[in-house]
Amino acid sequence: MKTSTKAGIYVFIIFAVIYVIIRFSIQAIFVDINQMVLAVLSAVFTIILTPQRRIVKKRSGEEIQLKWLFMKKVFTLK
């Protein structure tokens with residue numbers, strides 16, 4: 001599997017998990033919220049909290065780096 005495909009799958013899985021958590025949290029806090037507003041708010045917060053991916057080419061091969069907005073540490077995947 002190519003490195004870019006693997007990075008896309010990782011980011012998608014993280015995005016889906018964060019989206020579901022945020023959506024149900026907002027729905028639990030605001031019971032009478034409109035479904036469209038709920039979906040938009042969840043998507044915006046998820047986009048902010050989802051990690052950015054970078055593919056770095058090194059001598060040993062390509063590496064996937066995931067960086068979150070509020071963390072200084074960069075996670076490296078091969």
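The values are calculated or read from the model by the stated rules, or taken from the named source; none is laboratory data. On a predicted model such as this, the values are computed, not experimentally measured, just so you know. In this analysis, Cβ positions are derived from the backbone assuming ideal geometry, glycine residues included, and neighbour counts consider all displayed protein chains. Surface accessibility is based on the protein's heavy atoms, side chains included, excluding ligands, DNA and RNA. Shrake-Rupley method; radii C 1.70, N 1.55, O 1.52, S 1.80 Å.
Cβ separations smaller than 7 Å between residues 6+ apart or across chains give the following pairs from segment 1-30 residues that are closer than 14 Å to residue 41 by Cα to residues that are open to solvent by 70 Å² or more (accessible area, probe 1.4 Å): 22/45. One residue stands out in segment 7-52 among those that are farther than 23 Å from residue 70 by Cβ and assigned to a loop (DSSP other than H, G, I, E, B): the one that is most open to solvent (accessible area, probe 1.4 Å), namely 32. Among the conditions (1) crowded, with 16+ Cβ neighbours inside 10 Å; (2) modelled with pLDDT of 95 or more, the only one that residue 3 does not satisfy is (2). For residue 75, the test of being surrounded by 11 or more Cβ atoms within 10 Å (Cβ to Cβ) and at pLDDT below 85 is passed. Inside segment 60-70, residues that are out of contact with any Ser or Thr (no Cβ under 6 Å at 6 or more places or on another chain), within 19 Å of residue 7 (Cα to Cα) and open to solvent by 70 Å² or more (accessible area, probe 1.4 Å) make up a count of 2.
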